[in-house]
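As structure tokens, the structure follows; a few thoughts come after it.
The values are calculated or read from the model by the stated rules, or taken from the named source; none is laboratory data. It should be emphasised that the depicted structure is a prediction, and the values quoted were computed from it without experimental measurement. Because the Cβ atoms are built from the backbone with ideal geometry, glycine has one as well, and the counts that use them run over all protein chains shown. Ligands, DNA and RNA are stripped out before the accessible areas are found, and what is left, the full protein with its side chains, is counted by its heavy atoms. Shrake-Rupley method; radii C 1.70, N 1.55, O 1.52, S 1.80 Å.
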Amino acid sequence: MSPFLTTALRKMGPKLHMLLACGLFMLYGFTSVRASVLDMPNCVFAFIYIYILMSYIRWYIPALLKSRKTAFGLIIFGVTFGYAYQWVLTKIALTDWWLFHTRNATSLAISLGLIILAINRPETHSRIVNKLASATLGVFLIQISSLGAQYSLLTKNASLGEGVRLFVLNFLLALIFFIACLTFDLLRQLFFAFTVDKIEGKLFEWFYRNMRKFAISYSARHFDSTRALN
């Protein structure tokens with residue numbers, strides 16, 4: 001969808017693009033997921049929404065992406081506003097309408113701030129970081145599996161407390177889960193290095209040859225039996 005979105009947004013021009021981005025941001029940036037009518041799950045619509053916002057910043061406010069001060073300001077705003085809003089709301093309405101969904105202003109501010117810091121730091125190369133990064137796909141795959149679903153149920157159903165204590169415990173659980181999944185994938189890589197990768201291609205070729213022989217043999221037997229019936 002990205003090329004079509006890009007073409008459409010370019011044709012809109014900066015003024016219409018800005019109005020669209022501001023309208024969506026005001027509608028979805030400051031409303032909780034609990035406002036079900038305005039809910040936007042993590043799906044293609046969330047991608048379109050974030051793409052509209054980020055493309056406007058990248059195309060028409062490029063200076064924003066070069067300022068480390070802006071980055072720190074965005075991060076501080078995201079954290080401070082998010083928790084201040086939650087604290088005030090619990091005092092007034094005794095509810096948990098968090099503003100830390102993917103689409104909220106708090107999450108977007110923190111994420112954009114971290115991205116700006118990352119793209120403006122000096123270029124470095126680290127074998128350790130690259131090795132750990134190579135295992136993060138494993139973390140994602142485990143997280144969306146049934147094991148990840150069990151972890152989500154644990155964090156939701158366990159009596160972990162509330163407020164800051166709940167945030168700290170959830171953060172520690174997420175960190176432990178991430179490290180465990182990372183370790184698991186690194187062990188998988190080590191196992192593959194001594195088995196599958198050591199005879200790269202041979203295992204696949206063996207499997208392909210045998211499956212091809214089986215397919216040819218099965219087709220021949222099926223053809224013979226069909227001809228005999230006819």
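Annotations for the structure displayed:
For every residue, the table says whether it meets (1) farther than 19 Å from residue 167 by Cα; (2) in contact (Cβ under 8 Å) with a residue 40 or more places away in the chain; (3) open to solvent by less than 70 Å² (accessible area, probe 1.4 Å).
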| residue | (1), (2), (3) |
| --- | --- |
| 1 | yes, yes, no |
| 4 | yes, no, no |
| 24 | yes, no, yes |
| 66 | yes, yes, no |
| 74 | yes, yes, yes |
| 83 | no, no, no |
| 86 | no, no, yes |
| 89 | no, no, yes |
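- Meets criteria (modelled with pLDDT of 80 or more and at negative phi) for residue 80: yes
- Considering residues of the range 91-120 that are surrounded by 15 or more Cβ atoms within 10 Å (Cβ to Cβ) and among the small types (Gly, Ala, Ser) only, the residue farthest from residue 56 (Cα to Cα): 107
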